[in-house]
Amino acid sequence: MSWTQKTLGEIVNLKRGFDLPSSSRVDGPYPVFSSSGQTGTHSEAAVKGPCVVTGRYGTIGQVFFSDAACWPLNTSLYSTDFKGNDPKFVYYLLKTIPWRDYLTASAVPGINRNHVHLCPVCVPDHETQTAISGVLGLLDNKIELNTQLNGYLEELFDLIFQRLIDDAGSDWDTASLLDIADYKNGLAMQKFRPDTGDEGLPVLKIRELGQGFCGSDAERCKSGIVDSAKVHDGDLIFSWSGTLLLDFWAGGNAGLNQHLFKVTSSAYPSWFYYGWTKHHLARFIMLAKDRATTMGHIKRSALAESEVVIPPENILLSQTQLMQPIIDQYVMSKIEARKLAVFRDSLLPKLMSGEIDVSEVNLTQLNSHLAETLRPFGCHIPAIQKTGQLALLRTAPYPRPSRYSANQRHSPTYQISRQTNPCVWASPLGRNPRPPLPPDAVAHRLHDARSGIGRAI
């Protein structure tokens, strides 16, 4: 293994991206990248893959990779010329560049590619490059797999919840969102800065909710804030001002900023008040737009006016046995992805600098570690391939039912592979006279929603 001192321009040739106004975009198979990541698709590609993309101005320091052809926008720098180096290694190398050191002092600070091309870097031989990108890629692939799985889980939840609403009976109670859950606003955290000697908590704002974690640049608040303003993994958070978002938090302990609700209930399970809040979210977004003189928001009165229907206790219980495991798995998958990202980010600079010899990284042990983290889901990961690619993940502990009846019950099962990423669901049938959608119908509708990502089998 040998390492050589070079400049970045000797490793990769960065170029400015291409103009593509939103009005000119036509949805298609090719991802469109801005300085902050993928921002939709287009019917045409500007460059062939593989391609790396980073911010030229706007968002600086984030780096993205596309195996396939894509369209990098003019707010970005891109490259398809890796000068004989491993493309994925170059992608990880760019993540270690101190981009902000190369900002131009202008009215709109940005990156001058000619300047950043002079950045000194140390690179190993091609074999070592491939090995490093294989180790880091294993972690990234697992994180992406979690993201895809959660996409399926969310769609599955939406389908079942809508079916629940459609099947509402005349004996179901009518109430409002405020009747089924407590929407507790956060604090103006600028008034609660940590005292001397207090490490404090990161502040969860709208930005953090959107990205799913609190970065190193997040503001901090004192650790002694009231419990109602403390956020933990699994808490449902709803941003009611600015960008309206709803999601289960999986970014670790934090302090909740104002303009965000922590949604809880002592009477109903989390899947129930999550489903109903999400049901009304599109309307809330429209209400916020109508009030967007300064910052669009909704009032608590909108929650009081949002109708929900509550099923009888026996139906609520049977639906909880079906729906709550979906939510629990969704949250656990997000937590795992966060922990894997922390591990990857700590490993990245050490591998890229040669501090850790990649030949000493045991991929089999790493794969075993991933398998252990998945064991609570009933998942099994076979032996890792020599290439360092993500091994197949297959979970199917329950048989697929051949017929459906109201007295049958099956747990959700998923089958995901590197080749096709299919999702198979064996329908959990409750005690309702009419069973939920059969597995084939759910699978096909999931496939239609995620065309090109997976296939129903």
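Results, tabulated for the structure shown:
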{"item": "Which listed residue is of a type in the set (A, V, I, L, M, F, W, C), surrounded by fewer than 21 Cβ atoms within 10 Å (Cβ to Cβ) and either farther than 30 Å from Asp171 by Cβ or modelled with pLDDT under 95 (or both), from Leu287, Leu256, Leu246", "result": "Leu287"}
{"item": "Every residue from region 202-213 that is under 13 Å from Asn257 (Cα atoms) and in contact with a Lys or Arg (Cβ under 9 Å, 6 or more places away or on another chain)", "result": "Pro202, Val203"}
{"item": "Filtered residue count, region 251-296, keeping only those that are farther than 30 Å from Pro312 by Cβ and either part of a helix (DSSP H, G or I) or in contact with a Phe, Trp or Tyr (Cβ under 8 Å, 6 or more places away or on another chain) (or both)", "result": "11"}
{"item": "Flag if Thr147 is in contact (Cβ under 8 Å) with a residue 60 or more places away in the chain, not assigned by TED's automatic domain parsing to the domain that holds Leu348 and not basic (Lys, Arg)", "result": "no"}
{"item": "Hits in region 248-274 (condition: on the phi < 0 side of the Ramachandran plot, out of contact with any strand residue (DSSP E or B) (no Cβ under 7 Å at 6 or more places or on another chain) and of a type outside the set (S, T, N, Q))", "result": "Ala250, Gly251, Ala267, Tyr268, Pro269, Trp271, Phe272"}
{"item": "Hey, Met352 closer than 30 Å to Thr4 by Cβ, more than 23 Å from the chain's Cα centre (by Cα) and not small (Gly, Ala, Ser) or not", "result": "yes"}
{"item": "Filter pass, Gly84 being on the phi > 0 side of the Ramachandran plot and either in the same structural domain as Val12 (by TED's automatic domain parsing) or in contact with a Cys (Cβ under 9 Å, 6 or more places away or on another chain) (or both)", "result": "yes"}
{"item": "Residue check, Ala45 part of a loop (DSSP other than H, G, I, E, B), touching a Pro at 6+ places or on another chain (Cβ under 9 Å) and over 24 Å from Ile132 (Cα atoms)", "result": "yes"}
{"item": "Checklist (1) surrounded by 16 or more Cβ atoms within 10 Å (Cβ to Cβ); (2) in a loop (DSSP other than H, G, I, E, B); (3) within 19 Å of the chain's Cα centre (by Cα) applied to Ile225, failing item", "result": "(3)"}
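The values are calculated or read from the model by the stated rules, or taken from the named source; none is laboratory data. These figures come from a predicted structure and were not determined experimentally. A quick note on method: Cβ atoms are made from the backbone with ideal geometry, for glycine too, and the neighbour counts reach across all protein chains shown.
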